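Down below is the structure, laid out as structure tokens.
Every number here is computed from the coordinates shown, using simple stated rules; none is lab data. Quantities reported herein were computed from a predicted structural model and do not represent experimental measurements. Here the Cβ is made from the backbone with ideal geometry for all residues, glycine too, and neighbour counts use every protein chain on show.
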Amino acid sequence: MTTSFIGVYDSGLGGLSVLRAIHQVLPRERLVYFADSAHAPYGDRSISWIEQRVSAVVASLEAQGAKAVVLACNTATAVAVENLRLKYSIPIVAIEPGIKVAIERTLSGVVGVIGTTGTLHSDRYQTLLARLKGKVEVLSCATPGLVEYIEANQLEAEGLRALLQQYIQPMLHRGIDQLVLGCTHYPFIEQQIRQVVGDRVSLVNPAGAVANYLNQLLQSHGLLTVEITSALIEKEGREARPEGLSNIQVVTSGEVTLAQQFLKQSVGWQLTPVFAELPVLS
Ligand code: DGL
């Protein structure tokens, strides 16, 4: 890979929900996705472990020429983003639970949030909540166990359904009409969540907003792949179209076959991931 790229990183496969949104908004950008599946989930690990691991991954991405990094992981953001921004000079885009949108949209005045223990118990999340919630009641429910099912590509497992019932039913009884997906893995079980909440509850997924923000940020830093885009527009006389998936590389520290299956079944992409303990470009 010769040109500079955007690094997109999650503790595992969940951040592919963000990668997909980024590719939709920025189809010409080179994207390198790192799934740290060998170490997922991060959500139940210590703060110092997460800080060290996230810093090592971002260092590796930067050393190989990333022009920006997207932390497609709520847990990594909650624990590590502030220090990362002090340490690295490239733009670091982060994701956090879309509470603001849910609060703006709620009619019942009760909003639910599901996410990992690491995210929901973090100081960053508690500060966000205190700043935004106003008169709205926000019910936060840590949901350990879900990421493991998604990482194992066991999306139809009975155990997963049982956990969703256990976590979400109490919030339904208390009248939520918005449910924030505060973990990037959860859009991949949207159907299963929908079966529990029915159609009166809206699911809030910030992936699209993150992709749009990244677009603006790259523009304002002069980092967009504009040369390619404008040259193509000139040549083709129209907005450049995505060239399939040739500009996307997926690297995993976990099982390559599992990641490949997941990409095919859940993302709808035919891609062959490569294995590495830390992100490396082929
Ligand atoms: N996708 C990650 C997130 O958004 C999962 C975190 C974990 O590995 O626990 O929080």
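What to note about this one:
- Karplus (6.51, -1.76, 1.60) ³J(HN,Hα), θ = phi - 60°, over the stretch 149-163, in Hz, Gly and Pro reported as x: 5, 5, 4, 7, 6, 9, 7, 9, 5, 4, x, 5, 4, 5, 5
- Rounded to the nearest Hz, the phi-derived 3J(HN,Hα) couplings of the stretch 28-45 under the Karplus curve 6.51 cos²θ - 1.76 cosθ + 1.60 (θ = phi - 60°) are 8, 6, 6, 10, 10, 9, 10, 9, 8, 4, 5, 10, 6, x, 7, x, 9, 8, where x marks glycine and proline.
- Considering only beta bridges that DSSP places wholly inside the stretch 112-228, some 0 percent are antiparallel.
- In terms of Cα atoms, the Rg and Dmax of the stretch 68-178 work out to 15.6, 46 Å.
- Cβ-based exposure ranking for K135, K67, K87, in which fewest neighbours within 10 Å come first: K135, K87, K67
- Alpha-carbon centroids, the stretch 116-158 and the stretch 5-54: separation in whole Å: 17
- Projected area, mean over directions - the chain, Cα convex hull, nm²: 14.9
- Convex hull projection area averaged over all views, the stretch 42-129, Cα basis, nm²: 6.1
- Residue-wise HN-Hα coupling along the stretch 246-253, computed from phi with Karplus coefficients 6.51, -1.76, 1.60 (Hz; x: Gly, Pro): 5, 9, 10, 10, 10, 10, 9, 8
- Each of F275, F34 was scored by other Cβ atoms within 10 Å of its Cβ. Listed from fewest to most, they are F275, F34.
- Cross-link reach is defined here as a Cα-Cα straight distance under 21 Å, omitting same-chain residues fewer than 8 places apart; for K87 the lysines meeting it are K67.
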